[in-house]
Every structure is written in C-alpha cells, then in structure tokens.
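Contents: one structure, followed by commentary.
What follows is calculated from the coordinates using simple rules that are stated; it is not laboratory data. Just so it is clear, the structure is predicted and the values come from calculations on it, not from any experiment. Reconstructed Cβ throughout: ideal geometry from the backbone, glycine too, with neighbour counts over all protein chains shown.
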Amino acid sequence: MTTALTAVDKPDPTAKPNEPAALERPPGLFLKVANWVSEAMGRPANIGFWFVLIVIWTLIFALGGRHLASGIWLPAWFTSQGYNFPLNLITTVAELFIGFLVAAAANRTQDALTALLAQIRAGVERDLAIEQGLKEAVAENTELTRQIHDLQLAMSRQTGLLDEIHRHVGALTPDAGLFPPPPVGDTES
C-alpha cells in the first residue's frame, strides 16, 4: 500500500507547475483505512480467495449428502429465520461501509488526477507560449538574415564601384588638369 499525502485545499489550476500548489499533510485514519480497503478489494488475490471459498462451499454442500444438505447438523439458532436477519444486516452494513471507504479513496484519486491535469494544462500553455516566442524569434532572425544579405549585396556593388573609381583616379596624371598646380616656390630637383 502506498502512503500518499493529502492536499489541504484544491490546487489552483493557474499556478505554475513547479511551485507548490497546497500545503500537504499525511492522511488521517479514515483515509488510511479507505486506501487499504480500496487497494485490498482491487487485488486479484482477494478475488481469487473468494472464488476458491465459494467453490469449496458449493462442493461441500453438493457432495456432502442428504445429511449435510439438510442442515440438521447445524445448531437451530443458526438456521432459524430470526438469525438470518442480523446476519444479513451485518453483511449489508459492512458492504455499505466498504462502498463508502472505496468511494473516499476514489475521491482522493480524482482530486489527485484533477491536480495533475491542471499541472499538465499549465505545462502545455507554457510550452505553447515558448513555441510562439520561438516562432517570433525565428521570423525575426530570418528577417535579419535577409537584411544582412541585402546589405552584403549593396556593399559588394559599392565596393565594385569604389574599385572602378580608384582605378580611374589612379590612371589620371597631373597633366590632365584635374589636380591643382603645385604651390609656387616648390621646385623639384
């Protein structure tokens, strides 16, 4: 049997999943019994035990002969109508309380599943927000990459134009009249 903790209050579905949702305390005696009954009733060993008991009971009375089947070997108080009422009452009340205990354990399980689903929902919403942010970042990155490519093309055209201008300027001589005359007084030797 597992020893689970019981939430003091219902978790907030808008809470972040990695933050504690509620204060927790160990389950009380009632919930411990409810968990034990629920777990024990759901085990194959329990079903197998009762199946074997019913088969043995049936075989005893089917193969026991007239004396056993007649019930005269049993005490009178056990076979009387007056005894059947308290016996049926006890088994009915026991079944009723077992049902309540199993329902209490089922309610706790439902609460735990509700809290888990709220955490999953919050995680999915967080993941969707991250995905949207990544889409925007990829679109921005793509646009910046395109702008860089356009800038590189413009720079390569400008570099080609500057190279052409440099070639033309380098080919010019002072005799072409584009350069200012040297200052007077400067003589070349």
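At a glance:
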{"quantity": "Selected from 49, 28, 110, residue furthest toward positive end of dipole (segment 25-144; charges at beta carbon)", "calculated": "49"}
{"quantity": "Difference of contour (0.36 nm per residue) and Cα-Cα distance, residue 97 to residue 126", "calculated": "6.1 nm"}
{"quantity": "Evaluated over segment 25-144, the Cα radius of gyration and Dmax, each in Å", "calculated": "28.8, 99"}
{"quantity": "Likely footprinting exposure, 102, 138, fewest C-beta neighbours within 10 Å first", "calculated": "138, 102"}
{"quantity": "Cα-centre dipole for segment 25-144 with unit charges at Cβ (Lys and Arg positive, Asp and Glu negative), debye to 20", "calculated": "900"}
{"quantity": "Relative exposure of 144, 68, judged by other C-beta atoms within 10 Å (fewest first)", "calculated": "144, 68"}
